[in-house]
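Inspection log for the structure reproduced underneath, given as structure tokens.
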Amino acid sequence: MSKYLMLPIARHLSFSCACACWRNVLPVFGQGGFASVIKRIHTSGFAAQKQNGAVNVFDRHSKLLQRERAARDPDVAIYDYLKEEVGYRLSDRILDVKRELKTGLDLGCGRGFVAKNITDAELQHLYMSDFSPAMLETAQTPENVGFTKLIIDEEQRFPLESNFFDLVISNLNLHWVNNLPGCLKEVHRVLTNDGVFLASMFGGDTLYELRSSLVLAELEREGGFSPHVSPFTEIRDIGGLLNQCGFTMLTIDVDEIIVGYPSVFELMRDLQGMAENNAGISRKSHLHRDTLLAACAIYQEMYGKEEGITATFQIIYMIGWKPDPKQKVNVAERGSGQISLKDLHKLDEMVREAGMEGRIKFMKDEVTDGGKGKKG
């Protein structure tokens with residue numbers, strides 16, 4: 001499911017850039033082939049530092065300063081459109097949880113993009129946390145729900161009791177955590193048995209257009225490139241990571257939101273306003289003007305439209321449960337299946353042939369087998 005959002009930005013930038021030389025770079029890789037390769041450049045160009053056994057890719061201090069600056073911007077609400085949309089979609093998934101939830105934690109709440117959508121029908125008390133004091137101060141709070149704000153660094157042990165929360169939710173925050181397995185283990189620790197973890201993260205294809213344009217521009221203008229877009233998690237790694245941290249009954253799905261901008265300059269300005277600008281440890285402190293203008297022209301040529309350019313934000317949604325030892329799962333005996341997987345495409349036809357009598361017999365067998373399992 002894709003969504004296209006056109007931004008009503010009045011401050012259009014006009015410029016002229018003669019950079020036809022970049023086209024000489026494309027035949028080496030192939031225009032389509034190189035762009036697809038660029039999508040996969042996430043961590044290879046980033047220097048990593050080890051601290052306490054974890055590999056550090058991001059500069060957390062710089063990210064804190066970026067969030068503090070964004071939160072204090074008088075026009076900060078202008079840049080909330082993306083996180084508000086994803087926060088609404090994520091909070092809507094709480095309604096799919098068919099159990100009573102009393103206490104929840106909004107981890108990395110930002111400006112309260114999830115919290116403001118939570119009602120008293122879903123939770124009785126919500127703890128809101130962020131590692132940026134300014135961001136936490138400006139966070140919107142839920143109506144008719146008790147709330148507590150506290151500062152939590154996701155890379156440290158949470159100052160919270162074990163087995164305390166029925167729900168932990170995180171919206172577009174975990175992609176900046178270096179020690180993600182350690183953070184997820186802390187989430188697992190503070191959840192009660194049969195507690196649920198809901199989260200959204202930017203996926204690996206996020207901003208691939210910007211990434212490829214900057215790489216091509218630097219190759220042509222400077223003879224090499226360094227990463228200017230922070231690395232993101234691939235969806236294939238999320239399931240294994242959640243399982244490794246003790247979560248079960250996982251549900252993971254992907255969404256794409258495509259946003260329109262007049263040019264690269266508005267895109268970069270909005271990323272800074274969201275506090276989503278680059279915070280990699282090995283990032284370059286300066287991007288040359290010629291390189292930026294070349295990247296703008298390349299972006300327009302490869303991904304542009306008549307009304308401007310588009311940027312892709314891939315959103316990974318995940319749901320995981322902390323298992324309850326009291327819950328027993330009755331596993332069917334090996335070989336007890338009545339339908340082969342290779343015949344699944346014939347299932348509708350088999351149901352029609354069985355008729356009503358076959359359906360009734362099937363339901364009786366299910367009830368009988370369920371009763372035997374409970375007694376055992």
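Quick note: the coordinates plus some simple rules give every number you see, no bench work behind them. Because the structure is a prediction, the values reported are computed rather than measured. Please note: Cβ atoms are built from the backbone with ideal geometry, for glycine as well, and neighbour counts cover all protein chains shown.
Points to keep in mind about this one:
- A straight chain from Ile360 to Asp120 at 0.36 nm per residue would run longer than the Cα-Cα distance by 82.2 nm.
- Pairwise centroid distance, computed over Cα atoms, of the range 256-283 with the range 91-106, Å: 31
- In order along the range 272-280, phi translates into HN-Hα couplings of 5, x, 7, 6, 10, 6, 4, 9, x Hz, rounded to whole numbers, per the Karplus curve 6.51 cos²θ - 1.76 cosθ + 1.60 with θ = phi - 60° and x for Gly and Pro.
- Annotation: extensible slack from Glu333 through Asp237 equals 31.4 nm (criterion: 0.36 nm per residue apart, minus Cα-Cα distance).
- Summarising the label geometry, the points placed 7 Å from Cα in the beta-carbon direction at His345 and Phe265 lie 5.6 nm from one another.
- A Förster radius of 45 Å, combined with the Cβ-Cβ distance separating Thr141 from Glu306, puts the computed FRET efficiency at roughly 0.60.
- Available extension along the chain between Leu95 and Leu150 is 17.3 nm, counting 0.36 nm per residue and deducting the alpha carbon span.
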